[in-house]
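First comes the structure, then the notes that go with it.
The values are calculated or read from the model by the stated rules, or taken from the named source; none is laboratory data. Please read these numbers as outputs of a predicted model, since none were measured by experiment. Reconstructed Cβ throughout: ideal geometry from the backbone, glycine too, with neighbour counts over all protein chains shown.
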Amino acid sequence: MSVVASFVVPVHPHPLLVPEANEGYGRLRAAFEEAAARIEASGADLLVVYSTTWPSIIGHQIQADPNPVWNLVDHDFHDLGTMHYDFDIDADFAHAWRDAAERRNLTARTVNYHGFPIDVGSVVSLSLLNPGNRIPAVIVSSNVYANRAETTVLAKSCLDAAKAAGKKVAVVAAMSLSNRMFTRRIEPEDDRIHSLKDDEWNRKILQFLGDGRLEDVGQLSRTIHHQIRVQKVVAFKPMWFLSAMNGHRNDLTGEVLAYEALHGAGGAVVHLDPTSNGQGDKEYDEEDVEVFGGDRNVLDTETDTPDAEPLSAPAQAPTGGPALWDPVEGEDAINTDTAPKPVGAYPHARRVGDMLYLSGVGPRQPGTNAIPGGPIHDAEGRPLDYDIKAQTQAVVNNVERVLKEAGGSLENVVDVTSFLVDMDRDFAGYNEVWAATLGKVGPTRTTLAIRSLPTPIAVEMKVVAHLPQ
Amino acid sequence: MGGGQIVAGCLAPHPPHLVYAENPPQNEPGSEGGWEQLRWGYDRLRASLAEVEHDVVVILSPHWQTYVGTHVLGLPRFEGFSVDPVFPNLFRYTYDLNVDLDLAEGIHAEALAAGLDAHMMRNPDFRVDYGTITTAHLTDPNWSKPLVVISSNRSRTYYSVEVMQEMMAELGRATKKAIEASGKRAVVLASNSLSHRHFTTEPEVPEDMSHEHITSHAMHLWDMRMIDHMVNGRAKQLLDEMPEFTEQAIAETDGGALTWLLHALDLPEYKATLHGYGTVIGTGNAIVEWPAWRHKEGTA
């Protein structure tokens, strides 16, 4: 697991500059300090900050100045004082992240310029969460035009780079909850959330996060943006990033360390630990995305970008593999739209008496063809990092869908032949997911190492089930 | 005192690309040119302003974005190094500007008197925004006049274009009143582009003009419509259409600068001069001058 801890923190300068001005600012400051201690205890060796106060236009920008030093003054709250910063940035990781992003079809670039204006959210985060530059950090911008797919793939490219470098990452989303401030100066003692409606939404978000339901908040991002967000240039995107960094999970262990008003906006410090809260994961309904299909230059009429896919096109895995077929129909055939399309002329399953024989099942997702955990190579055959546990879980889910179509469940499985393309690398992860799923049912099993599969997947299962009519 | 006046008002957009293309000594990156249509437009604007005697330049920039009131630079001098956070590869500029503190405080006071929330910015570490610096440079690369720099209150994002217009109308009238009370001759600059949808990729050579054009035909039509209003003296109609324009063209008029300018100029019915129009990474930019001094002397 690359991500060892995740945090949501506010972007206003008050907890950094004037924590004594208001008890709430002080509680936020204390929560920052508690978060800093937890980061240190987590063993993280890299701090990744996604900041909503750093908007970008040309893709995403990643800070790569090894030692940015400057004095920052907030545009609104300049009277609170000057924020001096002197940070240690992991420039090598920044470049690796950019390269990984480009491999996933994103536009990204590193910035390494003396005097580059690091944004308020990043400065507050790094100053309070990483005092004395205990661990190196990296900062990424929030693209003005980025949608969920682009933000998700940005996170996955970060994970690619982290895994390749063996980094243990603490992730920080520098963001407000509701972001409507009072439009006139108020005294610190009069600070409160701008409206009851904003406060209620903030508390609902924090309830979700406190329950570890990060992906659910990600799924609600657009709704949240419409309900309690002033329509600034950067929409409510950080939950997309944070959730993708955590594998789109809903069973994290969450804790709200503080929630206070910052000139009317909602500011919270939240810790999300990757340890499962034991509540079980919950479904989500937006597709996973591995490679950005892109809205890049969607308005560009030039002919030199013919490969740009329309925004609404489903994300496709970079298969470079065979065409997809409609399942073959027949009297005893079992087919379902909830399973991925075959790569040849065969049904999803065939019934013979009380027995059900499934065609080989992989992890591809129905409809999108995306591969949870990532493809094992790109369209040019270049190897990619991937998550065997996510792939194996997706295989089991697909098996279950076919069985459900036939009127059964995983309980009916009696024999499985599994195929792995990299036994040495993947057996342990595959075995772990097996134990938690089919292993509890108890079918016989044979696991084989093979050279390759028709699509860029690492695991496939051949399943036989006993399913009396 | 009294007898001050606005001698010219200009729409003077701030793409840092134009400074980059010019290769001035203040800017670090080097280029092979580019965006000549707009740069020639600025040549014409500079030549025109050189004929107008003035004491001070007042700028409202959309890139000093404030959400808690309107802010005014409040120290006599600011010097520093400005790096564009979006295009740091193009704009890394050493600046040294003088502020007309008396007029700045006069505008601040008039804004307060008009019921607006206003603040003087007196932190010496404050980095002046790159929009202000770009517009100031492009209209006067020698920085020969003191400036008054006003922030862009983002009331449009908090409320609506209509509320933004009401607030900027007040601020424009307050600015005019303060200038008249100061006895000074002022050039007033609204530092914003028109349509503002960017391309999200950049050519390998940023100044490769084979890649430069408007992002869509709709953006072009909106820009031309706004310019037509300007050059035919239809300020009121332009402001009437501002909500639709700002929404549909994702226009940078959302920052309020153009509304502020037109009200400072008392909604001019005389024809503005179009010095140039061009696109920068897809956004539409017009350089327009309302020659108020000529109008007042009956020579426009």
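B:L101 - would you say it is surrounded by fewer than 23 Cβ atoms within 10 Å (Cβ to Cβ) and in contact with a helix residue (DSSP H, G or I) (Cβ under 8 Å, 6 or more places away or on another chain)? The answer is no for B:L101. B:L45 meets all of the listed conditions (1) touching a Cys at 6+ places or on another chain (Cβ under 7 Å); (2) surrounded by fewer than 20 Cβ atoms within 10 Å (Cβ to Cβ) but one, namely (2). For the stretch A:1-38, a residue qualifies if it is closer than 22 Å to A:Y50 by Cα and polar (S, T, N, Q), and the qualifying residues are A:S2, A:S6.
Applying the set (1) within 14 Å of chain A (Cβ to nearest Cβ); (2) closer than 28 Å to B:A178 by Cβ; (3) touching a Phe, Trp or Tyr at 6+ places or on another chain (Cβ under 7 Å) to B:G233 leaves exactly one unmet item: (1). Could you list, in sequence order, the residues of the stretch A:404-429 that are part of a helix (DSSP H, G or I) and under 30 Å from the mean Cα position of the chain (by Cα)? Selection gives A:K404, A:L410, A:M423, A:D424, A:R425, A:D426, A:F427, A:A428, A:G429.
The number of residues in the stretch A:106-165 that are surrounded by 24 or more Cβ atoms within 10 Å (Cβ to Cβ), away from chain B (no Cβ under 12 Å) and part of a loop (DSSP other than H, G, I, E, B) comes to 0.
Counting only residues that are surrounded by fewer than 17 Cβ atoms within 10 Å (Cβ to Cβ) and more than 14 Å from chain B (Cβ to nearest Cβ), the stretch A:75-94 holds 2 of them.
Within the stretch A:423-437, residues that are touching a residue at least 12 places away in the same chain (Cβ under 8 Å) have Cβ atoms under 7 Å from residues that are surrounded by fewer than 16 Cβ atoms within 10 Å (Cβ to Cβ) in these pairs: A:M423/A:A449, counting only partners at least 6 apart in sequence or on another chain.
Okay, residues lined up against (1) out of contact with any strand residue (DSSP E or B) (no Cβ under 8 Å at 6 or more places or on another chain); (2) modelled with pLDDT of 95 or more:
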residue	(1), (2)
B:V163	yes, no
B:E166	yes, no
B:E170	yes, yes
B:G183	yes, yes
B:A186	no, yes
B:S191	no, yes
B:M209	yes, yes
B:H213	no, yes
B:M224	yes, yes
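To keep it simple, each residue is scored yes or no on (1) free of Cβ contacts under 8 Å to residues at least 12 places away in the same chain; (2) in the same structural domain as A:H60 (by TED's automatic domain parsing); (3) farther than 19 Å from A:I224 by Cα; (4) not aromatic (F, W, Y).
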residue	(1), (2), (3), (4)
A:V124	no, yes, yes, yes
A:L129	no, yes, yes, yes
A:G132	yes, yes, yes, yes
A:V144	no, yes, no, yes
A:A173	no, yes, no, yes
A:S178	no, yes, no, yes
A:I186	no, yes, yes, yes
A:L196	yes, yes, no, yes
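Note on the stretch B:47-71: residues that are part of a strand (DSSP E or B), closer than 30 Å to A:A108 by Cα and either of a type in the set (F, W, Y) or more than 10 Å from chain A (Cβ to nearest Cβ) (or both) amount to 3.
Against the list (1) hydrophobic (A, V, I, L, M, F, W, C); (2) over 18 Å from the mean Cα position of the chain (by Cα); (3) under 30 Å from A:I139 (Cα atoms), the condition B:F91 fails is (2). For the stretch B:68-82, the set of residues classified as crowded, with 16+ Cβ neighbours inside 10 Å and either hydroxyl-bearing (S, T, Y) or within 14 Å of B:L103 (Cβ to Cβ) (or both) consists of B:T70, B:V72, B:L73, B:G74, B:S82, listed by residue number. A:L72 satisfies every condition listed in (1) buried (at least 19 other Cβ atoms within 10 Å of the Cβ); (2) farther than 23 Å from B:P88 by Cα except (2).
Within the span defined as the stretch B:148-170, one or more residues are closer than 24 Å to B:Y42 by Cα, away from chain A (no Cβ under 14 Å) and touching a residue at least 40 places away in the same chain (Cβ under 8 Å).
Regarding the stretch A:50-63, can at least one residue be identified that is more than 14 Å from every other protein chain (Cβ to nearest Cβ) and under 20 Å from A:N246 (Cα atoms)? Scanning the stretch A:50-63, I find at least one residue that is more than 14 Å from every other protein chain (Cβ to nearest Cβ) and under 20 Å from A:N246 (Cα atoms), so the answer is yes.
All conditions in (1) in contact with an Asp or Glu (Cβ under 7 Å, 6 or more places away or on another chain); (2) buried (at least 18 other Cβ atoms within 10 Å of the Cβ) hold for B:H229, with the sole exception of (1). Based on this model, can you work out whether B:I133 counts as in a helix (DSSP H, G or I) and within 29 Å of A:T110 (Cα to Cα)? Answer is yes for this residue.
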